[in-house]
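Engineer: Pasting a structure below so you can have a look.
The values are calculated or read from the model by the stated rules, or taken from the named source; none is laboratory data. This structure is a prediction, so every number in the text was calculated from the model and none was measured. Cβ placement follows ideal geometry from the backbone for every residue including glycine, while neighbour counts extend to all protein chains displayed. Quick note on the areas: whole protein, heavy atoms, side chains included, nothing else; ligands and nucleic acids left out. Shrake-Rupley method; radii C 1.70, N 1.55, O 1.52, S 1.80 Å.
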Amino acid sequence: MKRRIEERKRELAEKKAQKEAEEMAAYMAEENASASAAEQMKRRIEERKRELAEKKAQKEAEEMEAYMAEENAAAGASEQMKRRIEERKRELAEKKAQKEAEEMAAYMAEERAAESAADAMKRRIEERKRELAEKKAQKEAEEMQNYMAEEKEREAQQEKIKRQIEETKRKKEAEKKALEEKQMQMYQLSQMTPEQRKALLAKRLAEKKAALAAASADASGSDGAADKNKQLAALKLAFVEAKKKGDQEGLKKIVLQIKALQAEAAPVVQQVTKQEGTSAIAASKSEQASKYTLAQLRARPEGLDHSKLESYLTDEQFRAYFKMTRLQFNKLPKIKQDKLKEIVFKASN
């Protein structure tokens with residue numbers, strides 16, 4: 001009976017130790033899975049400890065009751081059994097205290113490791129934040145520099161394009177003004193008789209000489225000249241509008257006003273360009289048109305400008321052969337002018 005009791009005690013102790021080990025292993029696995037919540041883990045450990053302590057106390061009480069029942073059933077020496085029970089209690093209490101101390105030491109070590117890992121992680125996060133902030137600031141600075149360089153280049157290109165547009169506008173305005181003046185001169189010449197053209201040419205040459213002398217001697221009349229020039233420019237605009245509308249009466253009136261304005265002030269005549277002089281000379285040459293017939297011009301007589309045979313025709317001949325006025329002809333592109341001249345002055349076989 002004594003041996004059986006001892007064997008039974010050993011079996012119970014081994015089962016108890018094994019079960020406690022299994023329960024503690026399961027508990028530690030659960031605690032390791034939730035390591036990020038240290039405070040919560042601590043509370044759970046305390047609760048688990050209390051549960052284990054209660055279960056253990058309950059189990060010990062149950063085992064003790066069973067043991068006492070067996071002892072009582074097999075009893076012999078109740079006093080000796082009592083001492084063994086007390087000794088067993090002390091052993092269990094010592095083992096329990098030792099195990100709890102070991103568990104607490106392991107828990108504190110895990111807590112310190114977790115705190116150290118958290119501090120290390122915090123430092124790495126701060127360092128990474130600083131690196132990202134520095135890279136971001138550097139990248140933004142580079143992007144801003146590139147943007148400013150692009151903006152400066154774009155502004156320079158826009159300024160260049162603007163200057164080119166302004167220059168093109170000025171050139172177009174100058175060309176348009178020159179063309180309008182030329183058209184005005186051609187129209188005036190086309191309305192004059194040969195004698196009037198000769199008189200106008202002589203008058204313009206005389207006025208140009210007088211204007212050159214007056215330009216150096218008297219600058220006080222510049223204000224009056226500016227007014228006359230403005231009036232002349234307004235008349236030219238009116239001439240263009242009347243020409244667009246086909247108002248022949250209005251055109252004649254405007255031409256008379258321009259003639260009167262040119263006769264009144266030398267500074268206005270001073271604006272006659274070389275092209276006007278050339279046109280006037282070409283018009284004077286047209287006086288000789290009456291000396292040449294179309295057949296004679298087709299034969300290309302010597303002494304004439306063969307590239308401008310149309311200038312040796314009278315206005316009536318020109319309209320009869322070209323089916324348009326000289327002004328209309330001068331508005332045509334050069335390639336069309338050359339084609340018409342080729343047709344009109346084509347030598348007959």
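Engineer: Heavy atoms of the protein only, probe of 1.4 Å, neighbouring chains included. What is the accessible area of MET121 in Å², nearest 10?
Structural biologist: MET121 has an accessible surface of roughly 90 Å² with all protein chains in place.
Engineer: Take the alpha carbon atoms of the range 29-83, find their center, do the same for the range 133-187, and report the distance between the two centers in whole angstrom.
Structural biologist: 93
Engineer: Okay, moving on. Given the whole protein assembly as supplied and a 1.4 Å probe, what does the accessible area of SER78 come to in Å², nearest 10?
Structural biologist: Roll a 1.4 Å probe over it and SER78 shows about 90 Å².
Engineer: Accessible surface of THR168 in the full protein assembly, 1.4 angstrom probe, to the nearest 10 Å²?
Structural biologist: For THR168, the solvent-accessible surface is approximately 70 Å².
Engineer: In Å², what does the accessible area per residue of the range 1-145 work out to with a 1.4 Å probe?
Structural biologist: 76
Engineer: Counting other Cβ atoms within 10 Å of each Cβ, which chymotrypsin sites (Phe, Trp or Tyr not before Pro) in the range 26-128 have at most 14 and sit in a DSSP loop?
Structural biologist: Listed in order of number, the matching sites amount to none.
Engineer: How large, in percent, is the carbon and sulfur part of the accessible surface of the range 1-128 at a probe radius of 1.4 Å?
Structural biologist: Heavy-atom surface of the range 1-128 belonging to carbon and sulfur, 1.4 Å probe: 52 percent.
Engineer: Here is a further query. If you rank ILE45, ILE343 by how much accessible surface each has, with a 1.4 Å probe, what is the order from largest down?
Structural biologist: Ranked from most to least accessible, the order is ILE343, ILE45.
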